[in-house]
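See below for the structure under consideration.
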Amino acid sequence: MRPQQALRVIISGASSGIGAALARHYAASGATLGLIARRRPALERLAAELGAPSEIYSLDVRDTAALAVAARDFIHRHGCPDLVVANAGVSLGTLTEHSEDRQMGIVARALRVLPNWLYDRLFANAPHKPRRGG
Ligand SMILES: NC(=O)c1ccc[n+]([C@@H]2O[C@H](COP(=O)([O-])OP(=O)(O)OC[C@H]3O[C@@H](n4cnc5c(N)ncnc54)[C@H](OP(=O)(O)O)[C@@H]3O)[C@@H](O)[C@H]2O)c1
């Protein structure tokens, strides 16, 4: 992986919460960012605040075609990302100590499946793919 100040990072669910916090973290060390979420105004506010090179992709991550277009655009402008954070989603706000085994099974499955799902859709037709993992 490149040094942190030169990282190219794509974050889904960047318009609020954990995704926005991660964007601030990486922007502070000079990373170039691809910000994905549905709410464009929130992404625009974040990009303006970051003061780092960033691309905004206002889309629904369930839209496979839109994700592929976003990936191609980011790679065209900045090269292959070093890191893709598949963070978009909805939290039910259930504390783990109050969760049933069935719920924890769903969480474990989501953690395993979601990053691969996003990776496959983002880089379906990309000439250069980042290393899968993490
Ligand atoms: N906070 C927690 O304690 C916690 C615990 C376990 C897991 N998580 C997971 O961590 C992730 C972030 O949580 P958070 O607390 O930061 O939640 P949040 O503030 O509600 O952020 C969720 C982000 O996902 C985006 N998003 C949701 N559905 C989307 C879709 N279909 N397409 C594109 N973007 C979408 C939202 O943006 P738009 O509405 O603009 O699209 C928003 O930026 C979620 O996946 C959540 O399930 C959080």
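The values are calculated or read from the model by the stated rules, or taken from the named source; none is laboratory data. No experiment lies behind these values; they were computed from the predicted model shown. Cβ atoms come from the backbone with ideal geometry, glycine included; neighbour counts cover every protein chain shown.
Filter the stretch 33-50 for residues that are in contact with a helix residue (DSSP H, G or I) (Cβ under 7 Å, 6 or more places away or on another chain) and either over 11 Å from Ala23 (Cα atoms) or among the acidic types (Asp, Glu) (or both) and give the result.
Filtering the stretch 33-50 for residues in contact with a helix residue (DSSP H, G or I) (Cβ under 7 Å, 6 or more places away or on another chain) gives 33-37, 46, 50.
Ala37 - this is the single residue of the stretch 33-50 that is in contact with a helix residue (DSSP H, G or I) (Cβ under 7 Å, 6 or more places away or on another chain) and either over 11 Å from Ala23 (Cα atoms) or among the acidic types (Asp, Glu) (or both).
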Does Leu83 satisfy being under 12 Å from the mean Cα position of the chain (by Cα) and within 14 Å of the ligand (Cβ to nearest atom)? no
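For the subset of the stretch 19-46 comprising residues that are in a loop (DSSP other than H, G, I, E, B) and closer than 24 Å to Arg121 by Cα, which member is farthest from the ligand (Cβ to nearest atom)? Steps first, please.
If we filter the stretch 19-46 for residues that are in a loop (DSSP other than H, G, I, E, B), which is where we start, we get 29-31, 38-39.
Among the residues that remain, those that are also closer than 24 Å to Arg121 by Cα are: 31, 38-39.
Values: Ala31: 18, Arg38: 3, Arg39: 3 Å.
Looking at residues that are in a loop (DSSP other than H, G, I, E, B) and closer than 24 Å to Arg121 by Cα, I get Ala31.
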Take the residues in the stretch 57-107 that are hydroxyl-bearing (Ser, Thr, Tyr) and part of a helix (DSSP H, G or I); name whichever of them is modelled with the highest pLDDT. Thr64
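For Glu49, are the conditions met, namely being charged (D, E, K, R), away from the ligand (no atom under 14 Å from the Cβ), in a helix (DSSP H, G or I) and farther than 15 Å from Asn87 by Cβ?
Working: charged (D, E, K, R): yes; away from the ligand (no atom under 14 Å from the Cβ): yes; in a helix (DSSP H, G or I): yes; farther than 15 Å from Asn87 by Cβ: yes.
Taking the combined requirement at face value, the residue satisfies it.
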Kindly establish whether Ser16 is surrounded by fewer than 21 Cβ atoms within 10 Å (Cβ to Cβ) and within 7 Å of the ligand (Cβ to nearest atom). yes
